[in-house]
Amino acid sequence: MRLTDVAIVGGGPAGLCAAIAASRLGASVALIDDNDRLGGQLVKQTHKFFGSKRHYCGTRGMDIAAIFEQELRGLPAEILPGTSVVGLYDAVLPEPARSVPKSAQGDLFENATPAAAIRGILALANRERFTKLGFRCLIVATGAAENNLLFKNNDLPGVYGAGAVQTLMNVNGVRPGNRVLMVGSGNIGLIVSYQLIQAGIEVEAVVEALPRVGGYHVHAAKLARLGVPVLTSHTVLSAVGTEEVEGAVICRVDKDFKPLARTARKLKVDTICLAVGLTPLSELLWQSGCRMVYVPELGGHVAWHNDAMQTSLCHVYLAGDVSGIEEASTAMLEGRVAGAHAAAQVLGSSPEAAQVISEAQRELCAIRKGPFGDKAACGKAKLAECALRPA
């Protein structure tokens, strides 16, 4: 079994930025991701980011992933792609109060580090072998899973999540269909709709249960210019077909999201793409024993954490969508905070770590004060209130 100062689970924007920050501050780092290619959702994003230059304005998501990977590979960090975390265990230390003599460490650690330093053990598996990794600090950056939507025949071939459609098109070069109904008008739904059109696929309509478009105007305007109708206060009632999707029935909904009578109509489509939100992938945090709280504004159950991205277990951190559903730019900033704080916990505080944390937290605050940061800011405020209540 080998040991690292900071183990990071998840190689998306949050995990990559955490690894870079911790490694630059001198901590030994192991970054684990179950995909063969690092970058997480960034590798699917062919559109250019907008905002500030510090947040890679004008750069495509897939290129940002490459920039981060190249930077990380120039640092003394261990990168473990194609590797899954299949277990998380407490460290079993026979004498935690004192270090193991170097002569006795050979069977325990490849790098002869005191056993008392271990706070936990990850069980790792790839295509070739099973290994164990001891860590002093753990950063969970596992992202989120796509939500499903309940409607008749939603298990027919041809019903996809938006992330799956992006993977097919932008990573594997496969057309998911020829005529698509998009369900959900958040940024993901709008962006993927535009990418479908760029791939030569017709988007019949975008339906949105809310009375307003959920994503940025710049994305909605692109679809409007291309003549794609965005039908607010609408939902999908059913997929039509026996062996695969051959159509979809949509209808209007009232303010309580209940279908309105005599408003149903059928659309001729062969694909239904669902972009109806995300849920944090928090299984590892549940297993670790972190205090979990339910915050709807953050996407569901998240581990309680403070501004340093530190959970109720002092050696466990989180960053990115697993801490609450937001944008890639906030995931990057949270990753820097978590990585710098974890490195400081292992190596001791330093002006360099304090500067990284302060700058990233200041930028996070600015983003959440913006026009689209209200929901996340509300969720984080609710999370802070939880610290005042008993667990």
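Some observations on this one:
- Residue 112 meets all of the listed conditions (1) farther than 30 Å from residue 232 by Cβ; (2) modelled with pLDDT of 95 or more; (3) assigned to a loop (DSSP other than H, G, I, E, B) but one, namely (2).
So that you can scan it fast, the table gives a plain yes or no per residue for (1) at pLDDT 95 or above; (2) under 20 Å from the mean Cα position of the chain (by Cα); (3) hydroxyl-bearing (Ser, Thr, Tyr):
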site	(1), (2), (3)
180	yes, no, no
215	no, yes, no
225	yes, no, no
235	yes, no, yes
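- Residues that are in a strand (DSSP E or B) and over 30 Å from the mean Cα position of the chain (by Cα), drawn from segment 251-280: 251, 252, 253, 259, 265, 266, 267
- For beta carbons closer than 9 Å, sequence separation of 6+ or different chains, a first residue in segment 36-55 that is outside the structural domain of residue 67 (by TED's automatic domain parsing) and a second that is at pLDDT 75 or above and surrounded by fewer than 23 Cβ atoms within 10 Å (Cβ to Cβ), there are no qualifying pairs.
- Matching residues, segment 1-28, being assigned to a strand (DSSP E or B) and either free of Cβ contacts under 8 Å to residues at least 40 places away in the same chain or of a type in the set (Lys, Arg) (or both): 2
- Of all residues in segment 135-159, those being assigned to a strand (DSSP E or B) and either touching a helix residue (DSSP H, G or I) at 6+ places or on another chain (Cβ under 8 Å) or of a type in the set (Asp, Glu) (or both) number 7.
Quick grid of which residues meet (1) modelled with pLDDT of 95 or more; (2) assigned by TED's automatic domain parsing to the domain that holds residue 136; (3) surrounded by 21 or more Cβ atoms within 10 Å (Cβ to Cβ):
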site	(1), (2), (3)
292	yes, yes, no
305	yes, yes, yes
311	yes, yes, yes
320	yes, yes, yes
335	yes, yes, yes
365	no, yes, no
370	no, yes, no
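- Candidate set: segment 360-376, residues that are in contact with a Lys or Arg (Cβ under 8 Å, 6 or more places away or on another chain) and among the aliphatic types (A, V, I, L, M); chosen: the one farthest from residue 187 (Cα to Cα): 360
The values are calculated or read from the model by the stated rules, or taken from the named source; none is laboratory data. Since we're looking at a predicted model, the values are computed, not measured. Backbone-built Cβ (ideal geometry, glycine too); neighbour counts: all protein chains shown.
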